[in-house]
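To start, the structure itself, in structure tokens.
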């Protein structure tokens, strides 16, 4: 089993950037996805260049103050000139209110901002996992093909506790749809909601998996306990022979 440990929200803040780099240099983080509209985007780009073994993707976004384009008929809140907040954006996605061409245009700008900064992009994922919804997934696949970006994060959750059966079926169909059209891995899991003991137990389950490649999605913050876990020498030792980045897959 090969394990990609991807940190989301690179570029969101100085603290997030520093935490990701720490968990890459001293821990098990192998990849990160940059938020093009993040307030500390330039800092993330510089850190990415200083850490060439860190695989870099784009953390596409369609909610919050993360838009690059300024003129859209469907994507922006007319009161703020920015993307709608996440709850409103999600409702609009479900109702099919976002124009497909505008989605592709905005995602293209977000990708080009990273490419133009001199970064080789290896994969795509989405802020708040909004590519779980097919109108968004369709646009993500479109830009992945357009820019020849090799991998898209799956939405099949592995080792989740108490996930309702209908949602599991939906995610299985989603995985079939994505994997039949583009490169992805066997599934993802995360440490959200886990205490220290649960993190260690879940990690051992991952290492014992019969899957070929798994992505562990992380958000390294002190308050959620992930920094300590991701840099724990015991975890680093156990993970050593399994770790790869999306760049290694490419």
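Where a number appears in this text, it was derived from the coordinates with a stated rule and is not lab data. Note that the structure is predicted; figures quoted are calculated from it, not measured. Note: ideal-geometry Cβ built from the backbone for every residue, glycine included; neighbour counts use all protein chains shown.
General observations
- Acute angle (nearest 10 degrees) that the helix 41-50 long axis makes with the longest principal axis of the chain, alpha-carbon atoms: 40
- According to the Kirkwood relation over distinct C-alpha pairs, the hydrodynamic radius of the chain is 18.3 Å.
- Each part reduced to its alpha carbon centroid, the stretch 72-102 and the stretch 184-250 end up 33 Å apart.
- Relative packing of peptides 27-38, 125-136 - highest average C-beta neighbours within 10 Å first: 27-38, 125-136
- Put simply, the Cα atoms of the stretch 16-133 extend 43, 25, 23 Å along their principal axes, the longest span coming first.
- The chain: angle of helix 134-146 to the longest principal axis, Cα-based, in degrees nearest 10: 80
- Degrees separating the helix 14-25 axis from the principal Cα axis of the chain, which is the longest one: 40
- Relative contact order of the stretch 2-249, defined on C-alpha pairs under 8 angstrom at six or more residues apart (%): 26
- Per-residue [θ]222 nm for the chain (sum of -39500 (n - 2.57) over DSSP H runs n ≥ 4, rounded to 500): -12500 deg cm²/dmol
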